[in-house]
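The values are calculated or read from the model by the stated rules, or taken from the named source; none is laboratory data. Remember, it's a predicted structure, so these values are computed and weren't measured experimentally. Cβ atoms come from the backbone with ideal geometry, glycine included; neighbour counts cover every protein chain shown. In case anyone asks, the SASA skips ligands and DNA or RNA and just uses the protein heavy atoms, side chains included. Shrake-Rupley method; radii C 1.70, N 1.55, O 1.52, S 1.80 Å.
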Amino acid sequence: MAPLAPRTGDAVFANVERVNAELFTLTYGAIVRQLLTDLEEVEEVNKQLDQMGYNIGVRLIDEFLAKSNVSRCIDFRETADVIAKVGFKMFLGVTASVTNWDPEGTSCSLVLEDNPLVDFVELPDTCQGLYYCNILSGVIRGALEMVSMKTEVTWVRDMLHGDDACELRVKLLKQVPEEYPYKDDD
Amino acid sequence: MQQSPARSEARYSVGIGVADSLLALFRPRTKGKAWIPELRLRGRPAAAAFATKMIVCVAVVGHQNNPLYLQSFTEADDALKLHHIIHCSLDVIDERINNPKKSGPTLNEAFLGLLYPTENYKVYGYLTNTKVKFIMVTTDLDVKDADVRTFFRRFHAAYVDAVSNPFHVPGKKITSKAFAQRVSSIVKSFGSAATT
């Protein structure tokens, strides 16, 4: 379970195709800049990034499950571990750590010490309310929704706002059981 | 000094003699700063009591000779004079670009070298491939070429990182605080191998 995941993350990362990190960073920066120019409102940009992340997440989950061969997770704790160790490693090349579990086990924090999206970036004074990496929260939300978990993802700490790491708070709202479009009997 | 009065008197008179010779070596600084003992720097003029390898000013100038970053590192208020020196050195750079010296290796065209020495300053230039110029003014009397090249290399790296910021508009001034901090630390470590 947990001891297996870190090795799986590295092994998967070694097998997938990789792209230059600076290209990725600069492309993402260009996207955010363009959104700011088009939408002009920081809140709108945050929402749009989240929406973009959601669209990515619903497609990403299939690739993730296909490439990483992880088994079905028993509970949300295992889900969070898999996201942090295997998911982030596979797609961003960095591992996150899972901390601050609440007593019910439905809410946790994913902490990224090192975030390739924010290399070289400094927020200007006019955009202080911008959640630059909001796409990540959308990705997690979208991916988990596709495996029947409704979640809410918020930012606790952000490196661009002066903190030392990026911290995402993931809260499981409810587990939606799979619905079959037809009844089994008759 | 709790000896008997006679002895302390004698000591006191000796003390004055010693103190006089010491005072001859101490020189009061302007602006009310503390006296810096020059016992180890006998014979050197007061100005050299500062760090001898000191960069007073760095500048980044765009390809249309527009200033992108200007930072002076002295408390003296001749910052305007330094800016003027930099402005004049732009002419020298333009000359060098238009009439490239065919002699010598053309491998490292980036480093332009000593542009021109004025009074007690030396001005060095560095040209990037995008025609962005870095200019450095130093009060150093004998600066090593290798030190300057190292300085410019580090400065270039800091500049590239600052420009990679998606919120930086190319052609506008560099407003990044991280860049300013990096430049300060690069300047501080300039020639650190041989600082007094």
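A few points about this structure:
- Any hit, the stretch A:93-115, residues being part of a helix (DSSP H, G or I) and either within 14 Å of chain B (Cβ to nearest Cβ) or not hydrophobic (A, V, I, L, M, F, W, C) (or both): no
- Subset of the stretch B:84-113 (residues that are modelled with pLDDT under 80 and in contact with a Ser or Thr (Cβ under 9 Å, 6 or more places away or on another chain)): B:Pro100, B:Ala110
- Residue list for the stretch A:22-64, restricted to those being in contact (Cβ under 8 Å) with a residue 12 or more places away in the chain, among the aliphatic types (A, V, I, L, M) and more than 12 Å from chain B (Cβ to nearest Cβ): A:Val42, A:Val45, A:Leu49, A:Met52, A:Ile56, A:Val58, A:Leu60, A:Ile61
- Residue, farthest from the other protein chains (Cβ to nearest Cβ), within the stretch B:178-193, restricted to residues that are at pLDDT below 90 and open to solvent by 50 Å² or more (accessible area, probe 1.4 Å): B:Ala193
- Residues that are open to solvent by 80 Å² or more (accessible area, probe 1.4 Å) and assigned to a helix (DSSP H, G or I) within the stretch A:11-23 comprise A:Asn15, A:Glu22, A:Leu23, listed in sequence order.
- Candidates in the stretch A:73-91 are the residues that are in a helix (DSSP H, G or I) and out of contact with any strand residue (DSSP E or B) (no Cβ under 8 Å at 6 or more places or on another chain); of these, the one that is nearest to the other protein chains (Cβ to nearest Cβ) is A:Phe91.
- Residue check: A:Leu110 meets all listed conditions (1) open to solvent by 60 Å² or more (accessible area, probe 1.4 Å); (2) in contact with a Ser or Thr (Cβ under 8 Å, 6 or more places away or on another chain); (3) not aromatic (Phe, Trp, Tyr) but one, namely (1).
- The sole residue among B:Glu119, B:Glu109 that is at positive phi and of a type outside the set (Ser, Thr, Tyr) is B:Glu119.
- Test for A:Ala165: is it more than 14 Å from chain B (Cβ to nearest Cβ), open to solvent by less than 30 Å² (accessible area, probe 1.4 Å), more than 26 Å from A:Val70 (Cα to Cα) and not hydroxyl-bearing (Ser, Thr, Tyr): yes
- A:Val98 buried (at least 16 other Cβ atoms within 10 Å of the Cβ) and in contact (Cβ under 8 Å) with a residue 40 or more places away in the chain: no
- Those residues of the stretch A:67-83 which are surrounded by fewer than 16 Cβ atoms within 10 Å (Cβ to Cβ) and of a type in the set (Asp, Glu), in sequence order: A:Asp75
- Looking across B:Thr175, B:Thr130, one residue alone is of a type outside the set (Asp, Glu), within 14 Å of another protein chain (Cβ to nearest Cβ), under 29 Å from A:Arg33 (Cα atoms) and open to solvent by 30 Å² or more (accessible area, probe 1.4 Å). It is B:Thr175.
- A:Glu167 fulfils the conditions (1) in contact (Cβ under 8 Å) with a residue 40 or more places away in the chain; (2) under 16 Å from A:Ile61 (Cβ atoms) except for a single criterion, (2).
- Yes/no for A:Asp158 being of a type in the set (D, E, K, R) and within 14 Å of chain B (Cβ to nearest Cβ): no
- Just one of the numbered conditions (1) open to solvent by 50 Å² or more (accessible area, probe 1.4 Å); (2) within 14 Å of chain B (Cβ to nearest Cβ) is not true of A:Leu123: (1).
- Subset of the stretch B:133-172 [assigned to a loop (DSSP other than H, G, I, E, B), surrounded by fewer than 17 Cβ atoms within 10 Å (Cβ to Cβ) and either away from every other protein chain (no Cβ under 14 Å) or without any contact (Cβ under 8 Å) to a residue 12 or more places away in the chain (or both)]: B:Leu141, B:Asp142, B:Lys144, B:Ser164, B:Val169, B:Pro170, B:Gly171
- Residue check for B:Ala110: within 14 Å of chain A (Cβ to nearest Cβ) and in contact (Cβ under 8 Å) with a residue 12 or more places away in the chain: no
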